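Take a look at the structure below.
The values are calculated or read from the model by the stated rules, or taken from the named source; none is laboratory data. Since this is a predicted model, take the numbers as computed values, not measurements. Glycine also receives a Cβ, built like all others from the backbone with ideal geometry; neighbour counts cover every protein chain displayed. Only protein heavy atoms, including side chains, enter the accessible area calculation; ligands, DNA and RNA are left aside. Shrake-Rupley method; radii C 1.70, N 1.55, O 1.52, S 1.80 Å.
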Amino acid sequence: GIRSMRQTIKEIETNMAYRWFLGFGFYTEVPHFSTFGKNYERRFHDTDVFEDIFYHILKEIMEKGLLSADHIFLDSTHVKASANKRKYNKKVVHKETRAYEEKLQLELNLDREEHGKKPFPPEKLEKEEWKEIKESTTDPESGYY
């Protein structure tokens, strides 16, 4: 629920749990919020540093045996975007394929065979689909719904 770096720094200044997690002592001065913004702009702008950190953490989790591909959990939280609904471009995009498409196709074909039906040929399920979307010019990462 913390929506800005300014709020994050305020939480770190007043919440001992955050201070403990970050290794800050009770009297340790917390960096000014603008320090982080300037680092994002100047030092990390065209780098993969955050992605590298994420993959390093993911690798550690995998090595400890805490990650399993048996189940998929999704966070479907909607966060209000900072986009103007009236400023967008229409765009035609390829629909993303499902991560579990092969497994789904296998299960469908097994079920069809159990019921005495022919399995679907692979090309029948591999249909390319396109759709038209609205892409915000103010916040291209956001979506309309």
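What the table below lists for this structure:
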item: Test set (1) under 30 Å from LEU104 (Cβ atoms); (2) at pLDDT 90 or above - HIS71 fails condition number; result: (2)
item: Index of the failed condition, VAL93 passing every other in (1) outside any helix (DSSP H, G or I); (2) modelled with pLDDT of 90 or more; (3) open to solvent by less than 60 Å² (accessible area, probe 1.4 Å); result: (2)
item: Index of the failed condition, THR47 passing every other in (1) closer than 28 Å to ASP139 by Cα; (2) open to solvent by less than 100 Å² (accessible area, probe 1.4 Å); (3) not in a loop (DSSP other than H, G, I, E, B); result: (3)
item: Condition met for LYS59 (modelled with pLDDT of 80 or more, open to solvent by 100 Å² or more (accessible area, probe 1.4 Å) and at negative phi); result: yes
item: Yes/no for PHE24 being surrounded by 12 or more Cβ atoms within 10 Å (Cβ to Cβ) and part of a loop (DSSP other than H, G, I, E, B); result: yes
item: Counted residues, segment 109-120 - those being under 21 Å from ASP70 (Cα atoms) and open to solvent by 70 Å² or more (accessible area, probe 1.4 Å); result: 2
item: Lone unmet requirement of (1) at pLDDT 90 or above; (2) within 21 Å of GLN7 (Cα to Cα) for GLU41; result: (1)
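Per-residue answers, yes or no, for (1) assigned to a helix (DSSP H, G or I); (2) of a type in the set (D, E, K, R); (3) in contact (Cβ under 8 Å) with a residue 24 or more places away in the chain:
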residue	(1), (2), (3)
THR8	yes, no, yes
ILE12	yes, no, no
GLY37	yes, no, yes
LYS59	yes, yes, no
MET62	yes, no, no
SER68	no, no, no
ARG86	no, yes, no
